[in-house]
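**Student:** Submitted below is the structure of interest, expressed as structure tokens.
The values are calculated or read from the model by the stated rules, or taken from the named source; none is laboratory data. Treat the numbers as computed from the prediction; the structure is a model and nothing was measured. A quick note on method: Cβ atoms are made from the backbone with ideal geometry, for glycine too, and the neighbour counts reach across all protein chains shown.
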Amino acid sequence: MLKTFSVTDIGKKRKLNQDYVFSSDTRIGNLSNVFIVADGMGGHNAGDYASRFTVDTMVEEIEKSFEQSPVRILENAIKIANRKLREKASENPNLFGMGTTVVAATLLGRYLQVANVGDSRLYVISGNTITQITRDHSLVEEMVRMGGIDKETARNHLDKNIITRAIGATKTVDIDFFNVELNRGDIVLMCSDGLTNMLEDEEIRMIVSGQRDIIEKAQRLVAAANDNGGKDNIAVILIEPFADESARDGGIDG
């Protein structure tokens, strides 16, 4: 049995929450479940509009898609959301330049299909390990990949909020796809950079591994990010794909 919990928080510094999440553990169109995190950007309320509009458009498109392939379904939904968001921005000067990150996932049996644009992340946490599945589309991450700076320097770099891909930014959108085989006891975390800029990966792993209940895990993540400064909005989706199996076998938290 799938167990999930999602939460967003405005954080301690922002006046508006531009993060938006969608979490459904029941069927949407031809997908058995759908999970999306979006982190909007833009002046006034444009970022708030961008994230919500993009997620709502994606869910609509997933619902009416005749495609069978999860990759094709997610790809089409993201591309249509990108086109429609750009149309909205061209119609309203207040929305000009808006955009949003998107990380979306669907679980099919043991396999998680992930689509990513921007620097919101998906992790798999398994016991003593935490693995970032997505790759950030950010200026600083490009510098890390090129060997220009190390991960530690990247965390505090002045340009770390500059992203190189976003929904709404360009006419065509370049999407990364990942397929992950999950094992019993794994926990999936999807989040905006409001969490990962405030907490090290190891801190995230310890919080998620240390709480017995999925709701408490998510709430503790948000609280810890706020305790460390809460400089941005925080979005969290947690998924326990095999919750009943692990509980039956005593596999999680002993």
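**Student:** Within the stretch 18-63, track down each residue that is out of contact with any helix residue (DSSP H, G or I) (no Cβ under 7 Å at 6 or more places or on another chain) and farther than 17 Å from LYS88 by Cα.
**Tutor:** VAL21, SER23, SER24, ASP25, THR26, ARG27, SER32, ASN33, PHE35, VAL37, VAL59, GLU63 - these are the residues of the stretch 18-63 that are out of contact with any helix residue (DSSP H, G or I) (no Cβ under 7 Å at 6 or more places or on another chain) and farther than 17 Å from LYS88 by Cα.
**Student:** Looking only at the stretch 59-76, count how many residues are surrounded by fewer than 23 Cβ atoms within 10 Å (Cβ to Cβ) and either in a helix (DSSP H, G or I) or acidic (Asp, Glu) (or both).
**Tutor:** Number of matching residues: 10.
**Student:** Go through the stretch 174-238 and tell me which helices (runs of 4 or more DSSP H), entirely inside it, have 3 or more residues that are in contact (Cβ under 8 Å) with a residue 24 or more places away in the chain and within 25 Å of SER51 (Cα to Cα).
**Tutor:** Correct list: 193-196, 214-227.
**Student:** Evaluate the stretch 67-75: report whether one residue or more is of a type in the set (A, V, I, L, M), at pLDDT below 95 and on the phi < 0 side of the Ramachandran plot.
**Tutor:** No - not one qualifying residue is present in the stretch 67-75.
**Student:** Same structure again: Check ARG110 against each of (1) within 17 Å of the chain's Cα centre (by Cα); (2) over 23 Å from ASP136 (Cβ atoms); (3) charged (D, E, K, R) and name the one condition it does not meet.
**Tutor:** Unmet condition: (1).
**Student:** Moving on to the next point. Go through (1) modelled with pLDDT of 95 or more; (2) of a type in the set (S, T, N, Q); (3) surrounded by fewer than 20 Cβ atoms within 10 Å (Cβ to Cβ) for SER246 and report which single condition fails.
**Tutor:** In the conditions (1) modelled with pLDDT of 95 or more; (2) of a type in the set (S, T, N, Q); (3) surrounded by fewer than 20 Cβ atoms within 10 Å (Cβ to Cβ), SER246 misses (1) alone.
**Student:** I've got another one for you. Determine which member of the set GLY47, GLY109, GLY40, GLY99 is small (Gly, Ala, Ser) and surrounded by fewer than 21 Cβ atoms within 10 Å (Cβ to Cβ).
**Tutor:** Selected residue: GLY109, the only one of GLY47, GLY109, GLY40, GLY99 that is small (Gly, Ala, Ser) and surrounded by fewer than 21 Cβ atoms within 10 Å (Cβ to Cβ).
**Student:** Among (1) over 25 Å from THR8 (Cα atoms); (2) at pLDDT 95 or above, there is one condition LYS151 misses while meeting the rest; what is its number?
**Tutor:** (2)
**Student:** Every residue in the stretch 1-45 that is among the small types (Gly, Ala, Ser), at pLDDT 95 or above and not in a strand (DSSP E or B), please.
**Tutor:** Matches in the stretch 1-45: GLY11, GLY29, SER32.
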